[in-house]
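Only the coordinates and a few stated rules stand behind these numbers; no lab work does. Remember, predicted model here, so these are calculated numbers, not experimental data. FYI the Cβ positions are ideal-geometry reconstructions off the backbone, even for glycines, and counts take in every protein chain you see.
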Amino acid sequence: MTKPESPTAKSHNLIDWLVARGLEGADKEELLDGYCNRLVDLGVPLMRFHAAQPALHPVYGGTGYSWYQDRGGDFQTFEYSEEPSEVWTKSPLYVILNEDVDAIRERLVDQNEPSRFPLLNELRENGATDYYATGISFDVPSQTNPHDAKMSIDGVLMSWASNAPEGFGDDDLEVIETALPHLGLALKSASNARVSKDLMRVYLGRDAGRRVLSGEIRRGSLQQIDAVIWNFDLEGFTSLSEELPGIEVIDMLNDYLAAVVDVVHQCDGNILKFMGDGVMAMFDVGEIDADARAALAAATMLQERMAELNSLRKERGQPVSNYTLALHAGEILYGNIGADSRLDFTVIGPTVNQTSRIAGMHRSLGQRILISDDVARAAQPCDQELISVGRYMLRGVAEPKELFTVYHAAN
């Protein structure tokens, strides 16, 4: 007769798997899904598992992962909120985070009275018989108050529920608790990797962030590419910013910049930088003809999006602004520029400079969108009707440039 595995042996098998996945860089969903399935394989009667972590992200303030015996795992994000929701404040995890409590266990099968936690009453109605929750901090507790670390932004709160007739046995909880530090370490590794990717993407842009994380970090490491440079600028923003309260200026700027970023990303472009009320973007989707058509498609989409946004802002009684857009194509140098202690992943070269010169022609030509002959030529055939507005000598450019705009018939 085969002797059953001891809780220690089961824990070691689970720990070995967690360490291996952590070293391999498994993402959070893969890690937790595998963890839950392995608990079940080891005989732990797991009905539900939940993990909650704060997030360092500009859009949402926390993440959650819920695994159910009958349907697998589901990843959630939680938006920032000035006040915690009632659901959260009445949860066991909130008590662990905010009170002097290391863990909570309730045997739901033994209770006649409702639990003080609405979640546990709901779980019991769905067949749960036992509930266990605890947390792990990723910070070192202070010497004066070891519970300070539980209030840290860095850590994870977790819960396990069983639907076995007798709930979790002592051996089951021993397996869970023994492997807990290793699960926490693997989650910390996965979370740090996600934070790095998210912040690089948000602050540097999708392509530049990916390049930096892949190792393109040396000063002077530049790549020569053919691309279309796209310069967007809000009209009259300086005067508006002097007339409006600061918070209204920021809200207005965020509205317009969000529209621009969305358009650029929808057309496979990359945001290079924000310059006050302006945006520099790059289209490098393949050959230069594909770059030019993508940039022109984005220009057309931007016209529609800005018209919709201005109409919406007018309905709300909010100030509106128009814009200018300059497009130019050619060779650029793309990479790390700056000092050892402060680098910028950006573009330089004559093409970038000439795009700026073209942007300086909007007022004198009375055209909102100006396109260089290089873009117009590369884009043919294209969906837009491009109209020449003449040839001009641009400051610092030896040869005259023919400039175009996009023609739109009146509705």
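In which sequence would Ile136, Ile332 go, from the one with the fewest C-beta neighbours within 10 Å to the one with the most?
The fewest-first ordering by Cβ neighbours comes to Ile136, Ile332.
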- Query: Where does each of 345-352, 79-86, 229-236 land if you order them by average Cβ count within 10 Å, highest first?
  - Reply: 229-236, 345-352, 79-86
- Task: Specify whether the C-alpha gyration tensor of the range 206-407 places it in the rounded, prolate or oblate class, a ≥ b ≥ c being the square roots of the eigenvalues: rounded for a/c under 1.5, otherwise prolate if a/b is larger than b/c and oblate if not.
- Result: oblate
- Of the residues Ile96, Gly61, Tyr35, the Cα lying farthest along the dipole of the range 32-100 towards its positive end, which is defined by charges on the beta carbon of Lys, Arg, Asp and Glu, belongs to Tyr35
- Under 18 Å Cα-Cα from Lys188, which aspartates and glutamates qualify once same-chain neighbours fewer than 8 residues away are excluded? Asp16, Glu24, Asp27, Glu29, Glu30, Asp33, Asp139, Asp154, Glu177, Asp198
- About its Cα centre, what dipole magnitude does the chain give when the only charges are +1 on Lys and Arg Cβ and -1 on Asp and Glu Cβ, stated in debye to the nearest 20? 1200 debye
- Note on the structure: If Phe75, Phe237 are placed from fewest to most neighbouring beta carbons inside 10 Å, the sequence is Phe75, Phe237
- Query: Between the range 326-400 and the range 59-108, how many Å separate their Cα centres?
  - Reply: 50 Å
- Unit charges on C-beta of K, R, D, E only; dipole of the range 311-411, Debye: 520 debye
- Cβ charges +1 (Lys, Arg) and -1 (Asp, Glu), total dipole of the range 7-203, debye: 480 debye
